[in-house]
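Since every read-out is calculated from the coordinates, none of them should be taken as a lab result. Note that the structure is predicted; figures quoted are calculated from it, not measured. Note that we place each Cβ from the backbone using ideal geometry, even for glycine, and neighbour counts take in every protein chain shown.
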Amino acid sequence: MHLKSLTVKGFKSFASSTTLRLEPGVTCVVGPNGSGKSNVVDAISWVLGEQGAKALRGGKMEDVIFAGTSGRAPLGRAEVTLTIDNSDNALPIDYTEVSVTRRMYRSGESEYEINGDRCRLIDIQELMSDSGIGREMHVIVGQGQLDSVLQARPEDRRGFIEEAAGVLKHRKRKEKALRKLDAMMVNLNRVADLTDELR
Ligand code: ATP
């Protein structure tokens with residue numbers, strides 16, 4: 001599985017539709033200061049469901065929509081599509097190529113799509129949860145974040161690794177199952193009490 005392409009339109013500094021094609025291996029994005037390199041990384045976080053404006057280096061979520069320049073009027077919506085090569089079936093979906101799209105309007109309304117079909121954010125999160133591209137975006141280490149990862153408490157660092165390895169999903173499922181088991185034990189005890197009373 002690898003990221004194949006990223007199309008941004010109306011997202012931050014990318015007013016016009018712009019597509020970056022990514023080959024397997026290491027991709028370097030170079031450019032002068034302020035030219036939008038980090039915005040590319042923000043676009044990947046955003047399309048995968050990032051909900052925190054701060055994580056996207058903005059004050060509010062609307063800040064991701066192109067705000068206009070002296071020569072160009074602001075736009076009403078931001079749209080990002082990330083296309084992933086899934087020929088190794090790393091994502092649990094029956095397509096060799098998977099495109100995930102997120103669209104946001106100034107009204108705050110958001111839309112998500114998987115291969116052009118409307119879906120919910122949770123569908124995207126579920127799809128990605130085994131891939132190491134999780135909701136918390138631990139696999140995206142932004143500028144200045146390297147230090148915080150290296151200096152994180154051992155348990156937090158373990159969390160980053162578990163998310164990247166796709167373990168977190170199973171941990172969450174285990175916690176849910178244990179909660180159900182607890183509730184079941186309470187019910188069983190109640191049944192035992194009632195049975196005793198009836199004897
Ligand atoms: P550096 O090398 O300094 O880290 P960079 O290439 O990573 O810079 P970014 O931080 O990605 O640059 O981009 C910053 C630019 O994006 C700024 O010029 C800023 O004005 C522009 N920008 C951010 N949000 C918007 C927006 N909503 N509308 C228009 N432009 C925006």
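Around ALA183, with a cut-off of 12 angstrom between Cβ atoms, what is the net charge of the other residues, counting Lys and Arg +1 and Asp and Glu -1?
After counting each charged neighbour, the total is +3.
Set the Förster distance to 41 Å, then compute FRET efficiency between CYS28 and TYR95 from the Cβ-Cβ distance, nearest 0.05.
Computed FRET efficiency for CYS28 and TYR95: 0.90.
Between SER99 and residues 5 or more places away or on another chain, which pairs have amide H atoms under 5 Å apart, with H built 1.01 Å from N, and which residues are they?
ILE84, ASN115
Give the peptides 188-195, 5-12, 31-38 in descending order of average Cβ contacts within 10 Å, highest first. Show your work: numbers first, answer last.
Values: 188-195: 9.8, 5-12: 21.9, 31-38: 11.2.
Most protected by this proxy first, the peptides run 5-12, 31-38, 188-195.
Let me make sure I get this right: for segment 2-153, a, b and c are the square roots of the gyration tensor eigenvalues over alpha carbons, sorted descending. Under 1.5 in a/c it's rounded, otherwise prolate if a/b > b/c, else oblate. Which is it? Could you put the intermediate results ahead of the total?
Working: a/c = 1.45, a/b = 1.18, b/c = 1.23.
Rounded.
Could you give each residue of segment 76-83 its phi-based ³J(HN,Hα) in whole Hz, using Karplus coefficients 6.51, -1.76, 1.60 with θ = phi - 60°, and x for Gly or Pro?
x, 8, 10, 9, 9, 10, 10, 10
Run the helix sum for the chain: -39,500 (n - 2.57) per DSSP H stretch of 4+ residues, divided by residue count, reported at 222 nm to the nearest 500 deg cm²/dmol.
Working: 5 runs with 68 residues, N = 199.
So the helix-based figure for the chain works out to -11000 deg cm²/dmol.
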